[in-house]
1. Can you give the Rg and Dmax of the range 3-58 based on its C-alpha atoms, in angstrom?
2. Residue by residue through the range 13-26, which ³J(HN,Hα) values in whole Hz follow from phi under the Karplus form 6.51 cos²θ - 1.76 cosθ + 1.60 (θ = phi - 60°), with glycine and proline marked x?
3. Only loop residues by DSSP count here, and only those with at most 16 other Cβ atoms within 10 Å; note down the trypsin sites (Lys or Arg not before Pro) in the range 1-41 that meet that.
Amino acid sequence: MDTLTLPQAAELLKIHPVTLLNKANAGEVPGAKIGKCWVFIEIDLLEYIRSQYRLRALQGEHERNITCHSSNARTRQIGGSKSRPAVDRLYSEALGLPTG
């Protein structure tokens with residue numbers, strides 16, 4: 001089992017050491033403070049990276065998002081006719097359109 005120091009773990013995760021320190025203090029990244037130094041287990045960090053893949057897939061990035069981009073309000077689908085068939089027939093007759 002390989003252990004890593006803070007700078008080594010930050011290099012593995014491709015993040016700044018201060019960012020890693022903040023994430024470790026918050027409990028977001030697995031690690032332990034032994035005395036004055038942080039210690040990270042390499043396999044735990046690799047599992048942490050893999051766990052981030054699943055989170056993005058579960059967020060549904062490919063779902064259709066119907067939101068108004070100028071606000072957070074959801075928009076309604078519009079289009080199509082909501083009139084009744086009898087009314088449609090009357091309009092068609094008034095316009096001289098063929099009815100069937």
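Each reported figure results from applying straightforward, stated rules to the coordinates on display, with no laboratory input. Here the structure is a predicted model, which means the values were calculated and not measured. In this analysis, Cβ positions are derived from the backbone assuming ideal geometry, glycine residues included, and neighbour counts consider all displayed protein chains.
1. When restricted to Cα atoms, the range 3-58 yields Rg and Dmax of 11.0, 38 Å.
2. Along the range 13-26, the couplings run 7, 6, 10, 5, x, 5, 4, 5, 4, 5, 5, 5, 4, 7 Hz.
3. LYS14, LYS36
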